[in-house]
Amino acid sequence: MNELKIYNSYSRKKETFTPITPGHVGMYVCGPTVSGESHLGHARPYITFDVVYRYLMHLGYKVRYVRNITDAGHFEEEGREAEDKISKKAVLEKLEPMELVQKYTNLYHWAMAQFNTLPPTIEPTATGHIIEQIGMIEEIINAGFAYVVNGSVYFDVKKYAASYDYGKLSGRVLDDLLETTRELDGQEEKRDRADFALWKSAAPEHIMRWKSPWGVGFPGWHIECSAMATKYLGKQFDIHGGGMDLLFPHHESEIAQSTICNHVAPVRYWIHNNMITIGGKKMGKSYNNVIKLTELFSGMHPLLAKAYHPMVIRFFILQTHYRSTLDFSNEALQASEKGLKRLWESYENLGKLGTGSQPAGQASMEPKEDEELDKKVKTLVNEFDEFINDDFNTAKVLANMFELVPVINSMKDKSIPVAALSKETFVLLKQQMKIYIEDIFGLKNVSEADNAKLKGVMDLLIDIRKEAKSKKDFATSDKIRNQLQGLGISLKDEKDGGMNWTIE
RNA sequence: GGUACCGUGGCCGAGUGGCUAGGCUGAGGUCUGCAAAACCUCCUACAGCAGUUCGAAUCUGCUCGGUACCUCCA
């Protein structure tokens, strides 16, 4: 049996996955900051970890998947007058912070549903866990690894590094961090520049504020994940995921905080997805090159040649290994669009094929099995498991599927008899294609053709066209096809005289 | 400046000592009343230089180019 291997950012190696509690998996993924609209870059981790989640469930694990909503906001720049991102924008838009947060949370949930990602089992909010965060900070202070200055609390990195390996996850050297030449306001509050905030005292104009033992303020950025992961997954859990850009300082700090509170390293397997780039540059707010998801789905953006269906985006992301950068371009997306269409149509063709047995009257035809083809198909299908077990290599699984497409389409066209495959292989093919395409990859049909009335009308038009064709009345048959094409419906003749249609 | 990573055919992207991804595009063909689709065939690449090896896109060194993180970031 193949076992699942995961590239662990912490050890920088592929490791065999073994859960802490047999049969169960605890997984935490850093969720969005809902102070603005999600963009294409955000789609990557959520789709990547959706596949991880789906695959773990497919393997039979009971998975607790925790993905937070960061709604407490963070200061724009550490040390500067607490300029909470959310409160700042709330003033501009004349909205209640809670209203703003709700708006973007709803939009995010909507986009996730478009992508057909499964909801996490727990989706905790930072504002809903202020008490847990304060509790954790108190523990860190009591343990002697944090200090209070003017109502703010900072984590003492140098002290931590004396006994623990700070920087291991991100490959950082503490001495380098201490020497960073960057000047930051309010830096003088910290003992060392590598220290990070656990709690920040809030300036009077700051809207989001909570009482704490150190005065009115708000939590530091890293503590929410530590607090919520500990609460719902325990002191040590299996998988923590997020974008590579969170490696430092976010995840590094998370490890430090949790280790002090829980006396154990929090995470067994750290998984980090790479970035989506555009023209080779990371897509991100700071680069001003983001394409929002609503823009992507509607095509309303100067960089977009057209609108792209959420499933096309999902497929596009799955065609690359999650640890490689993925470069956005209209060309690349359109290539994915066509590829997905081809794969999906072939998959539907497969669904319509009967089992390998021959029709009764043709027994004399002696259906002969093509051993070579049978073996090829069996190998290609069996490799699905092998490839996904190799650090979730969805790109290779898809490549194999595309090698199966001509075989399936030929069976449909009857240029290869279905009986060329052994019944066993045919059943395996059908079953695994379904499991991988729908259950694990979470792909769905792009066209919205599931409408009984439309289907009835189409059947009628097809009937008329067939009649016209049989009378060689091509003017009528072409008229039907051309006018449908004008409406975005393509009608295709099939070899056996049947007709097939798809909505563009 | 520090630390990583990357450079694959027209484009996107797997792979990582010998076999050869895959998608899109392009060319030719089969099929078809015509289309479209489908099917078949072709286009054989790994930044450059040097080295290790029987053999390197894959290992080592250097050069060039690019990116990310070090600050909010998925």
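So here's what we get for this one:
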{"quantity": "Top-ranked residue of the stretch A:191-230 - restricted to ones that are open to solvent by 20 Å² or more (accessible area, probe 1.4 Å) and closer than 22 Å to A:Val173 by Cα, ranked as nearest to the chain's Cα centre (by Cα)", "calculated": "A:Trp221"}
{"quantity": "Output for the stretch A:218-252, where each listed residue is of a type in the set (A, V, I, L, M) and assigned to a helix (DSSP H, G or I)", "calculated": "A:Ile223, A:Ala227, A:Met228, A:Ala229, A:Leu233, A:Met244, A:Leu246, A:Leu247"}
{"quantity": "A:Leu233 being within 22 Å of the chain's Cα centre (by Cα), of a type outside the set (Gly, Ala, Ser) and within 18 Å of A:Val25 (Cβ to Cβ)", "calculated": "yes"}
{"quantity": "Condition check for A:Gln319: surrounded by fewer than 20 Cβ atoms within 10 Å (Cβ to Cβ) and not aliphatic (A, V, I, L, M)", "calculated": "yes"}
{"quantity": "Residues satisfying the stated conditions in the stretch A:22-35, i.e. of a type in the set (Gly, Ala, Ser) and over 23 Å from A:Glu254 (Cβ atoms)", "calculated": "A:Gly23"}
{"quantity": "Inter-residue pairs, beta-carbon under 6 Å, first within 11 Å of A:Gly498 (Cα to Cα) and in the stretch A:453-468, second part of a helix (DSSP H, G or I), 6+ apart", "calculated": "A:Arg465/A:Ser477; A:Arg465/A:Ile480"}
{"quantity": "Subset tally (residues that are touching a helix residue (DSSP H, G or I) at 6+ places or on another chain (Cβ under 7 Å) and open to solvent by less than 70 Å² (accessible area, probe 1.4 Å)) for the stretch A:491-501", "calculated": "3"}
{"quantity": "Cβ-Cβ under 9 Å pairs, at least 6 apart or on other chains, the stretch A:254-276 side more than 24 Å from A:Thr16 (Cβ to Cβ) and part of a strand (DSSP E or B), far side charged (D, E, K, R) and open to solvent by 10 Å² or more (accessible area, probe 1.4 Å)", "calculated": "A:Ile276/A:Lys282; A:Ile276/A:Asp327"}
{"quantity": "Any hit, the stretch A:18-29, residues being at pLDDT below 95 and under 30 Å from A:Thr127 (Cβ atoms)", "calculated": "no"}
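Residues checked against (1) open to solvent by 30 Å² or more (accessible area, probe 1.4 Å); (2) at pLDDT 95 or above; (3) among the charged types (D, E, K, R):
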{"residue": "A:Phe328", "(1), (2), (3)": "no, no, no"}
{"residue": "A:Glu331", "(1), (2), (3)": "yes, no, yes"}
{"residue": "A:Tyr347", "(1), (2), (3)": "no, yes, no"}
{"residue": "A:Gly351", "(1), (2), (3)": "yes, no, no"}
{"residue": "A:Gly361", "(1), (2), (3)": "yes, no, no"}
{"residue": "A:Leu373", "(1), (2), (3)": "no, no, no"}
{"residue": "A:Phe402", "(1), (2), (3)": "yes, yes, no"}
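The values are calculated or read from the model by the stated rules, or taken from the named source; none is laboratory data. The structure displayed is predicted, hence computed values, not measured ones. Glycine also receives a Cβ, built like all others from the backbone with ideal geometry; neighbour counts cover every protein chain displayed. We work out accessible area using only protein heavy atoms, side chains counted, and drop any ligands, DNA or RNA first. Shrake-Rupley method; radii C 1.70, N 1.55, O 1.52, S 1.80 Å.
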